[in-house]
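Please read the structure below before turning to the comments.
The values are calculated or read from the model by the stated rules, or taken from the named source; none is laboratory data. This one's a predicted model, so the numbers in the text were calculated from it and none came from an experiment. Virtual Cβ from ideal backbone geometry, glycine too; neighbours counted across all protein chains shown.
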Amino acid sequence: MLVDAVLPASLSVFHVLFLVAASFLTSLITASVGIGGGTIMIALMSYILPVSALIPVHGCVQLGSNAGRVLVMRRHVEWARLAAFSLGAIIGASAGAAIAVRLSSGVVLTGLGLFVLLSTWIKIPKLVSIRQGGMALIGATTTFLSMFFGATAPLNAALLSNSFSERQTLVGSLAAITSAQHGFKIIGFALAGFVFAPWLPLVAMMIVFGFAGTLVGARILLRLPEERFRLIFKIVLTVLAVEMFFRGIGTFFPDST
């Protein structure tokens with residue numbers, strides 16, 4: 001079959017359809033509430049992809065998703081702050097790559113489950129008037145974390161949302177910052193030895209359907225009461241995170257029978 005020829009042997013047709021549908025739905029969610037789809041995406045991907053490929057492949061999909069937004073809103077990006085963030089991101093990606101590729105599946109799943117829980121329920125203080133030095137520090141810190149946990153866009157948004165005076169500048173700059181972060185993360189994993197080529201057809205399909213989800217989400221989900229949707233959203237993320245955490249813990253205590 002064509003699918004077997006262009007995708008890794010570990011993936012079935014059902015797996016591909018599941019991931020493509022998940023990309024559509026999570027992009028739809030992000031388009032409607034502004035953020036969070038990437039976190040659900042990585043939680044769902046953890047059921048299908050081998051842990052060694054989870055963070056790198058997720059980074060490719062998120063890079064494609066955010067790059068389109070940057071292209072559309074490039075006039076509103078604060079390029080000086082992006083440059084400062086990128087300098088820090090290079091340091092964070094370099095420091096994290098060599099460690100991340102050596103972590104066991106149990107450590108990754110347990111840590112990712114905890115990270116999703118914390119980012120879902122703990123309110124992160126918003127910083128104001130962050131200058132270039134602060135942007136570089138945030139770039140290094142959040143990119144380092146993204147090498148292990150993947151979906152740090154909510155953390156970037158929480159820290160930086162008060163630092164941009166206009167809404168369009170905020171949206172465009174956050175998309176550019178997230179794109180840069182995933183871009184340097186991908187380079188870091190590639191230099192550490194991860195082979196991306198077998199995963200590129202899947203990534204391309206997920207990006208295309210993710211873009212379709214973005215277009216649909218802006219029209220459909222905006223009709224839902226935001227407070228109710230955000231509560232359901234948090235509950236779903238919590239269930240996924242708890243299951244992921246215990247799945248990771250279970251690898252440390254294999255069945256002796």
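Worth pointing out:
- Verdict on Leu49 being touching a helix residue (DSSP H, G or I) at 6+ places or on another chain (Cβ under 8 Å), modelled with pLDDT of 90 or more and not in a helix (DSSP H, G or I): yes
- Residues that are outside any helix (DSSP H, G or I) and at pLDDT 70 or above, drawn from the stretch 221-257: Thr251, Phe252, Phe253
- Pick from the stretch 133-161, criterion touching a residue at least 60 places away in the same chain (Cβ under 8 Å) and farther than 13 Å from Ala93 by Cα, ranking: surrounded by the fewest Cβ atoms within 10 Å (Cβ to Cβ): Pro154
- Looking across Lys185, Lys126, one residue alone is of a type in the set (Lys, Arg) and at pLDDT 75 or above. It is Lys185.
- Within the stretch 70-85, the residues that satisfy the criterion of being over 20 Å from Ile138 (Cβ atoms), in a helix (DSSP H, G or I) and of a type outside the set (Val, Ile, Thr) are Leu71, Arg74, Arg75.
- The listed residue being buried (at least 22 other Cβ atoms within 10 Å of the Cβ) and within 26 Å of Phe24 (Cβ to Cβ), out of Leu117, Leu112: Leu112
- Taking the numbered list (1) at pLDDT below 85; (2) within 12 Å of the chain's Cα centre (by Cα); (3) not small (Gly, Ala, Ser) in turn, Ile55 passes all entries but (1).
Quick grid of which residues meet (1) out of contact with any Ser or Thr (no Cβ under 8 Å at 6 or more places or on another chain); (2) modelled with pLDDT under 90:
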position: Ser161; (1), (2): yes, yes
position: Thr169; (1), (2): yes, yes
position: Phe196; (1), (2): yes, no
position: Val203; (1), (2): yes, no
position: Phe211; (1), (2): no, yes
position: Val216; (1), (2): yes, yes
position: Arg219; (1), (2): yes, yes
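- Candidate set: the stretch 148-194, residues that are of a type in the set (Phe, Trp, Tyr) and not in a helix (DSSP H, G or I); chosen: the one nearest to the chain's Cα centre (by Cα): Phe194
- Contact map, the stretch 20-34: first residue assigned to a helix (DSSP H, G or I), second residue of a type in the set (Asp, Glu) and at pLDDT below 80, Cβ cut-off under 8 Å, separation 6 or more or different chains; pairs are Val33/Glu226.
- Inclusion of Leu103 among residues that are surrounded by fewer than 21 Cβ atoms within 10 Å (Cβ to Cβ) and without any contact (Cβ under 8 Å) to a residue 60 or more places away in the chain is warranted.
- Near pairs, Cβ below 7 angstrom, 6+ apart or cross-chain, from the stretch 44-70 (in contact (Cβ under 8 Å) with a residue 24 or more places away in the chain) to any residue that is buried (at least 20 other Cβ atoms within 10 Å of the Cβ) and basic (Lys, Arg): Gly59/Lys185
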